[in-house]
C-alpha cells in the first residue's frame with residue numbers, strides 16, 4: 001500500500017499521505033471507511049470489478065464520496081460498521097466514541113467517559129428471527145477500553161450528540177488488561193470479550209434486552225452476568241464467535257451455552273478455536289512463532 005493509494009484488486013483508493021490508522025468494510029460490501037493519521041475520515045463506495053477486464057494490470061482510481069477532515073480530536077484506533085450497514089462507530093485515543101450515519105456522513109451519537117484509549121467495539125443488533133418476532137430489535141453499541149471495562153449503550157434510547165452525555169446501560173468488569181476482542185451472538189443474548197490478560201469471558205447480556213413489565217418502569221433491570229471464564233493462553237488482539245449457535249441454551253439463571261465456539265488470535269501468531277465447554281483449543285491455525293522471535297508475526301486483527 002503506497003502513501004497515497006491503497007490497492008484492492010484493480011482499484012486504487014485515493015487518501016492523504018498519513019498512514020491508515022483504522023478501516024472497515026460494511027457488511028453489505030458497498031462501503032469502505034478509512035481513518036488516517038491526519039484524523040480524517042474518508043467514505044468510499046466500493047466499485048464492482050468487471051469480470052471480463054482485458055487488462056488485468058489496469059488500475060482504476062477511486063476517489064472518496066465524502067471526507068471529514070477532523071473526525072476526532074485524537075488518533076482513531078478502532079472502527080466498526082453495524083450489521084445493517086447504516087452506522088459506523090469509531091473510537092479514539094482520548095476515550096471518545098462517535099457513531100456516524102454512513103449514508104449522510106453526520107454524527108448521530110457521542111459517548112465519552114472511557115478511561116483511556118478505546119480499544120474494541122461491537123454492535124449488538126439481533127439477526128435471529130426469534131428475537132425479531134418478539135419485537136426486541138433495539139440496537140446496542142458495546143465498547144472496551146484500556147481501563148479494562150466494557151460499556152453497553154442503547155443507541156435507541158441514547159440522546160443525540162447535542163443533548164448531553166448519554167450514560168451506559170451497564171458497565172461490565174472482569175478483565176485485568178486491555179480489551180481487544182468483542183463479539184455478540186446473533187440472538188443478541190451472549191457477549192464474548194477477550195484481551196491481553198489471556199482470558200476470554202462469556203457474558204449473559206439478555207437482561208438488558210428484556211421488556212419492562214407494565215407498571216414497573218422505574219424498576220432497575222437485572223444486570224448482565226459473567227457465565228464463563230476461559231484461559232486462552234495468548235495475549236489476545238482479536239476474538240469472535242463462530243457458528244453454529246443453534247444449540248445455545250436459553251437465558252435462564254442456570255443456563256450456559258452448549259457447543260458455543262469462538263476464535264482468538266494475538267501475540268503467539270496463531271488463530272485458535274475454542275469451545276465454551278472445554279478448556280483446550282479444538283483447532284490451531286498457523287504456526288506459532290518461537291519465543292525469541294520479534295513481535296512482527298503477532299496477529300493484530302482477524303475476521
### Task
Identify the residue in segment 9-19 that is surrounded by 12 or more Cβ atoms within 10 Å (Cβ to Cβ) and within 19 Å of residue 66 (Cα to Cα) and, among all such residues, is modelled with the highest pLDDT.
18
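So in segment 254-281, with the set limited to residues that are part of a loop (DSSP other than H, G, I, E, B) and modelled with pLDDT of 90 or more, which one is surrounded by the most Cβ atoms within 10 Å (Cβ to Cβ)?
Out of the qualifying residues, it is 268.
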### Summary
Subset of segment 98-129, residues within 19 Å of residue 37 (Cβ to Cβ) and buried (at least 24 other Cβ atoms within 10 Å of the Cβ), comes to 118, 119
### Task
Taking the options 212, 167, name whichever one is assigned to a loop (DSSP other than H, G, I, E, B) and either loosely packed, with under 13 Cβ neighbours inside 10 Å or at pLDDT 95 or above (or both).
212
### Task
Might you let me know whether segment 234-244 holds any residue that is at pLDDT 90 or above, within 20 Å of residue 181 (Cβ to Cβ), out of contact with any helix residue (DSSP H, G or I) (no Cβ under 6 Å at 6 or more places or on another chain) and part of a loop (DSSP other than H, G, I, E, B)?
yes
### Query
What about residue 193, is it under 15 Å from residue 141 (Cα atoms) and modelled with pLDDT of 95 or more?
yes
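Take residue 48 and decide whether it is surrounded by fewer than 21 Cβ atoms within 10 Å (Cβ to Cβ), at pLDDT below 95 and not in a loop (DSSP other than H, G, I, E, B). If you could, list the steps in order and put the result at the bottom.
Details: surrounded by fewer than 21 Cβ atoms within 10 Å (Cβ to Cβ): yes; at pLDDT below 95: yes; not in a loop (DSSP other than H, G, I, E, B): no.
When the stated conditions are applied, residue 48 does not pass them.
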### Query
Do we have any residue at all in segment 65-77 that's under 17 Å from residue 26 (Cα atoms), at pLDDT 95 or above and crowded, with 19+ Cβ neighbours inside 10 Å?
no
### Query
So which residues in segment 287-299 are part of a loop (DSSP other than H, G, I, E, B) and either modelled with pLDDT of 90 or more or surrounded by fewer than 11 Cβ atoms within 10 Å (Cβ to Cβ) (or both), if there are any at all?
287, 290, 291, 292, 294, 299
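The values are calculated or read from the model by the stated rules, or taken from the named source; none is laboratory data. The model shown is predicted, which means the values in this text are computed figures rather than measured ones. All Cβ positions, even for glycine, are placed from backbone atoms using ideal geometry, and neighbour counts span all protein chains on display.
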